[in-house]
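Some notes on the structure that comes next.
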There are 2 protein chains.
Amino acid sequence: MAHEKNISKAVIKRLPRYYRFLGELLNQGVTRISSRLLSEKMGITASQIRQDLNCFGGFGQQGYGYNVNVLYEEIASILGLDRQVDAILIGAGNLGRAVANHMEFEQRGFRLIGIFDENPALIGQTIKGVLVRSTDKIEPFCRVYHPTAAILCIPKTVTKEISDRLIDAGVKGFWNFSHYDLALNQKERGIVVENVHMSDSLMTLSYELKTLLSEEN
Amino acid sequence: MAHEKNISKAVIKRLPRYYRFLGELLNQGVTRISSRLLSEKMGITASQIRQDLNCFGGFGQQGYGYNVNVLYEEIASILGLDRQVDAILIGAGNLGRAVANHMEFEQRGFRLIGIFDENPALIGQTIKGVLVRSTDKIEPFCRVYHPTAAILCIPKTVTKEISDRLIDAGVKGFWNFSHYDLALNQKERGIVVENVHMSDSLMTLSYELKTLLSEEN
């Protein structure tokens, strides 16, 4: 991928969405698509789509459109979904279990190799075939298995302590569902973080509903 | 709020984050803050903060900074968090339960008044004091209680059918966790949707990790 280095952050942010739509097209047996049709399906302008996809080589052909499978595989490769990084989950409550059960890690670039919780009632259970271990065992586990990523489904009161321990143990990437913002000093610490603030999205819905209802009145 | 109509979508998207940070400051007993300090805490430039907050009246005073409580309440009001909209949850599996248990709906502009699932083992249970009813009962429930919002924690195969039924029953806002994209034709149908695509964020982490690890090598 000669052009990969130059892809802007804004384009990267849109790639997962392209990837999802292209995956659905493949499921429906669609093998090629025009930027116009893709545009209608995704609610993005056709020129934006052409501009985005031209960033990484331009697979569209005049009068033919995009080869759905080639584009799908290319985006997978750019996102790193074609290799698997070992990940551990901290927190096996409702949210942790939902994440473990519903996420298709293997199709998203990750492999779930360990789960940790401090609740004795959960330790020893298995979730999706993965044993739940005590959080005391995080360090010895990391020394043996070297997970690269950690998924945090833990209360915000313990997020700083747990994430510091994980960074010391060699974890480089965090998918953080706790309400504690891990965003700062990422670069200095040599880590990357995706914070999932579900309540931010709920507040955005609140605003949109308020606006919608006031327009109706 | 004379200026409210003119707030851009980009600023609105940042408001939940300001709200979170200001809430934490209040918890710590901080009553005023300079844009410089807020900037350091949030990792946003001070000029961006001044520009954002000036959009809705400019609460900063030269040499004093922002009154944290006034700003917090003002953002709550803009987001509509100072009133509560009735919401129902469809899907009481792990994810639905996690959402019901962990989300502070009352502080985010919503009140959870009903939960629905098609699994007979779950019907009749209560989650956070709310009875789980059969999905057959959605329409009669809506005729009596008129919920304005619905939270969808259901498989994508049933999302279209369920959301069509909810729209017919008068639901105006959707917080959608299913993998089915409800984004299109919102305006025509008089609804608003916040799609929560958790796997998009996981794919973004995959990309960021790939980039980080390739820089290290």
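The values are calculated or read from the model by the stated rules, or taken from the named source; none is laboratory data. This one's a predicted model, so the numbers in the text were calculated from it and none came from an experiment. FYI the Cβ positions are ideal-geometry reconstructions off the backbone, even for glycines, and counts take in every protein chain you see.
Selection of first residues in the stretch B:158-174 that are part of a strand (DSSP E or B) and modelled with pLDDT under 95 and of second residues that are among the charged types (D, E, K, R) and surrounded by fewer than 20 Cβ atoms within 10 Å (Cβ to Cβ), restricted to Cβ pairs under 8 Å at least 6 apart or on distinct chains, gives an empty result. Of the numbered criteria (1) over 14 Å from the mean Cα position of the chain (by Cα); (2) part of a strand (DSSP E or B); (3) in the same structural domain as B:V192 (by TED's automatic domain parsing); (4) not acidic (D, E), the one B:Y66 fails is (3).
The lone criterion from (1) within 26 Å of B:I167 (Cα to Cα); (2) surrounded by 18 or more Cβ atoms within 10 Å (Cβ to Cβ) left unmet by B:A76 is number (1).
Selection of the stretch A:99-117 for residues being crowded, with 22+ Cβ neighbours inside 10 Å and more than 22 Å from B:E208 (Cβ to Cβ) yields A:I115, A:F116, A:D117. Taking the stretch A:186-217 as the range and being more than 9 Å from chain B (Cβ to nearest Cβ) and not in a helix (DSSP H, G or I) as the test, only A:N217 passes. When the stretch B:69-119 is filtered for residues that are part of a loop (DSSP other than H, G, I, E, B) and under 30 Å from B:S35 (Cα atoms), the ones remaining, listed by number, are B:G80, B:L81, B:D82, B:R83, B:M103, B:E104, B:R108, B:G109. For the stretch B:132-157, the tally of residues that are without any contact (Cβ under 8 Å) to a residue 40 or more places away in the chain and more than 23 Å from the chain's Cα centre (by Cα) stands at 9.
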